[in-house]
1. Considering only the range 60-76, I want to know if a residue exists there that is at pLDDT below 95, crowded, with 18+ Cβ neighbours inside 10 Å and within 23 Å of the chain's Cα centre (by Cα).
2. Return yes when residue 38 is on the phi < 0 side of the Ramachandran plot, surrounded by fewer than 22 Cβ atoms within 10 Å (Cβ to Cβ), under 25 Å from the mean Cα position of the chain (by Cα) and modelled with pLDDT of 95 or more and no when it is not.
3. How many residues are without any contact (Cβ under 8 Å) to a residue 40 or more places away in the chain, closer than 22 Å to residue 339 by Cβ and out of contact with any helix residue (DSSP H, G or I) (no Cβ under 7 Å at 6 or more places or on another chain) when one looks only at the range 107-160?
4. Spot the failing condition for residue 4; the list is (1) touching a helix residue (DSSP H, G or I) at 6+ places or on another chain (Cβ under 9 Å); (2) outside any loop (DSSP other than H, G, I, E, B); (3) modelled with pLDDT under 95, and only one is missed.
5. Taking residue 344 as meeting all but one of (1) farther than 25 Å from residue 89 by Cα; (2) in a helix (DSSP H, G or I), write down the number of the exception.
6. Checking residue 273 against (1) under 13 Å from the mean Cα position of the chain (by Cα); (2) under 24 Å from residue 238 (Cβ atoms); (3) in contact (Cβ under 8 Å) with a residue 40 or more places away in the chain, which test does it fail?
7. Within the range 103-127, which residues are closer than 22 Å to residue 87 by Cα and surrounded by fewer than 19 Cβ atoms within 10 Å (Cβ to Cβ)?
8. Among the candidates 86, 11, single out the residue that is within 27 Å of the chain's Cα centre (by Cα), in a helix (DSSP H, G or I), more than 16 Å from residue 166 (Cβ to Cβ) and in contact (Cβ under 8 Å) with a residue 40 or more places away in the chain.
């Protein structure tokens, strides 16, 4: 435990300095924490400057120990950190106040994704309204973190979770870069119109609802895909020909909350699709495919309801991918449309 604690303290000191050097924190703003084990975390103390942290500025807290929870050196954001660790399986948390992101979300409610990198690594950034300088409604933040590892706190900052500090830092960097790109684009053209976004956000409606992962559910998606002119056109242009399977992984829970109950009599755990130039030529209950996307039920529910992009879920570790993401990415545009169609088929 001592060796692990020292290693994590060194990582916290290093990431704090990087955040300061990149102007993602100022003064004594922001806080960092890391999980030691199931019950113990390390967290930066109140009033500390992340750019100049010392070992004594990082305190160990046993989340089950009442005396530790009364420590007067705990940051005002400790209740948020605690709730995240009690409900999610992340290893680290970065809370900082990046100037560009803060300015952007003070006036806009969602990120304008002008590059494929923004779409792939960030997706839709949840934005949580703030009423006080400290987070007083941590439950809303935890709920948002189920669909994105990065959440914007309006008029306050961002909170990011990950398996390692470098992964969390990269997400925050990507967000600052996305905001910078959107700002520069507005200099050249005040009214930004992204035709790809328009096509991806086309709305289709269906009245029926189906048990998630049932044959009826997946077949309804296949029918929409095979009727969609955009996927047909892009599938032919990009030669979208491959085998892909989606799998319900009941053994790998991404979060600690209770999975969504499924109707066991009609639910199949895996579906394989054979694409031929964008058209799904074959649907079968088989995972014999070079690409397999797997996730627990609660993550699939977020995807099928349109609250989580599948590519983002893979890059943020909420879904597992068998196969190379770089190979799938060549078909990013038609697959983005396919994932958009997912939410048009309502699930029970």
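1. no
2. Working: on the phi < 0 side of the Ramachandran plot: yes; surrounded by fewer than 22 Cβ atoms within 10 Å (Cβ to Cβ): yes; under 25 Å from the mean Cα position of the chain (by Cα): yes; modelled with pLDDT of 95 or more: no.
Judged against the criteria, residue 38 is not a match.
3. Here the count works out to 4.
4. Of the numbered conditions (1) touching a helix residue (DSSP H, G or I) at 6+ places or on another chain (Cβ under 9 Å); (2) outside any loop (DSSP other than H, G, I, E, B); (3) modelled with pLDDT under 95, the odd one out for residue 4 is (1).
5. The one condition residue 344 does not meet is (2).
6. (1)
7. Residues satisfying the conditions are 124, 127.
8. Numbers: 11 fails: more than 16 Å from residue 166 (Cβ to Cβ).
Exactly one residue qualifies, and that residue is 86.
The values are calculated or read from the model by the stated rules, or taken from the named source; none is laboratory data. Every value quoted in this text rests on a predicted model; they were computed, and no experiment measured them. Please note: Cβ atoms are built from the backbone with ideal geometry, for glycine as well, and neighbour counts cover all protein chains shown.
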